[in-house]
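What follows is a set of notes on a single structure, which appears directly below.
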Amino acid sequence: MGTTMLAAGLAAAALLVFVVVIAMGGALQAGLAPWPGVAVAVLAVAAFAVPRERRSLVVAGLLAASGILGVVYGLIRTEFLTAISFPGPIFGIILGVPILGLAVAEAIATTRDRKN
């Protein structure tokens, strides 16, 4: 149970970092680029990798929330990819899609474990 709680904490931290950076106006405007993106990626991968034998839908949900938040923020800030600046809000999409993939993989693994 301890690794599941650790994974949920890491996934929640990834979501929190995304929310704080968005609230600050983005990583570039806050003078933090690229470190929040690196932190979110590391936290999300760690949340996925830590609970190898016991998966959790809570972790999948938190990762999905992080991924969706990054994608939606990136799409809104780039005006649905019509005003792309690099580096910039496009990193929300670049980070959000793989994190969403981790969430889907976590959910699939959880449902398979529960069936067996």
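The values are calculated or read from the model by the stated rules, or taken from the named source; none is laboratory data. Note that the structure is a prediction, hence the values are computed from the model and not measured. When we count neighbours, we look across all protein chains shown, and the Cβ atoms used for this are built from the backbone with ideal geometry, even at glycine.
A few notes on this one:
- Within the range 65-78, residues that are among the charged types (D, E, K, R) have Cβ atoms under 8 Å from residues that are buried (at least 21 other Cβ atoms within 10 Å of the Cβ) in these pairs: Arg77/Pro89; Arg77/Gly92, counting only partners at least 6 apart in sequence or on another chain.
- Scanning the range 42-87 for residues that are small (Gly, Ala, Ser), surrounded by fewer than 19 Cβ atoms within 10 Å (Cβ to Cβ) and in contact with a helix residue (DSSP H, G or I) (Cβ under 6 Å, 6 or more places away or on another chain) returns a single hit, Ala46.
- Lone qualifier among Ala7, Ala46, Ala13, Ala41 - being within 16 Å of Thr110 (Cβ to Cβ), in a helix (DSSP H, G or I) and either at pLDDT below 90 or not hydroxyl-bearing (Ser, Thr, Tyr) (or both): Ala7
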